[in-house]
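Please treat every number below as a calculation from the coordinates, not as lab data. The structure presented is a predicted model; accordingly, all values stated were derived computationally and were not measured. Using ideal geometry, Cβ is built from the backbone for each residue, glycine included, and neighbour counts are taken over all protein chains shown.
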Amino acid sequence: MSSSFWGVLAPAGTLLIVLAIFAWKNRGQNIRLSGSDILVGFGVGFAVTLVISAVVRPQLPFTSGVAASGPLLIGYPLALTLALVRTRRRRSRAAQDAEAARAQIPPAAREYFRACDFPSRAGAALTSARPPTPEAATDLVAYWIFAALDSGDYVDFSRTVHYTTALRGWRLSSPTLIEAVPVLTAPFLRSGDEWVPEVDRAFRRTAIALLTTRFGTPVAA
């Protein structure tokens, strides 16, 4: 085999190993490449390849092989790294926003849902063949909204709201809550391979507004 062939094969093998390690270490991150990531990554890869080709003896077959594969071998890992950094920053901001939303839960809501043993009431309603009254169903949905904000697990409680209102046909007594159901079920309906921070933000805004309307404004720390 010619040295130019090895000039392509060796970096390509290294790239596969690096990408395999990258994928394993960052599994579950839902990394999304953007156009800017690709532009910066391949732009830098092309520039580095030009420098290497100019510094190393250009007439060597090995150098020509590296020059042919350099933009991909350098640009793609760099683009993935940029996407990973951006994803982690977005998740860090989302975690901070979730904690801020948790702090905005009205104290009266905490006291009400905990004093009335809503976890047991919710479990009984979910296992019952008969739907609750609209007033009781409204109370339970409000509890799941509170629990979602308190735990930060929007998808799970959003799934419960979707299951009860859309699949089991629970009727609600609050027109405001009825209008908000599409936003409250969006974290579950939009969950999948792609995480959409805007959906979580809309859920937090709506949930806080509903709880504040019913239980009052939280006391400032």
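A full extension of the chain between Glu135 and Arg102 corresponds to an added length of 9.4 nm, given 0.36 nm per residue minus the alpha carbon distance. Here the extension length gained between Val48 and Arg88 equals 11.7 nm, from 0.36 nm per residue of separation less the Cα-Cα distance. Loop-resident GluC sites (Glu not before Pro) (DSSP state other than H, G, I, E or B) in the stretch 138-221 with no more than 10 further Cβ atoms inside 10 Å of their Cβ: Glu194. Classification of the stretch 104-215 by its C-alpha gyration tensor yields an oblate form. The axis ratio a/c (a ≥ b ≥ c) is 1.5 or more, and b/c is at least a/b. Peptide packing for 113-123, 180-190 was compared via the average number of neighbouring C-beta atoms within 10 Å per residue; ordered from the highest value, the list is 180-190, 113-123.
Using the Cβ of Arg204 as centre and a radius below 14 Å, the other residues enclosed give a net charge of -2, where K and R count +1 and D and E count -1.
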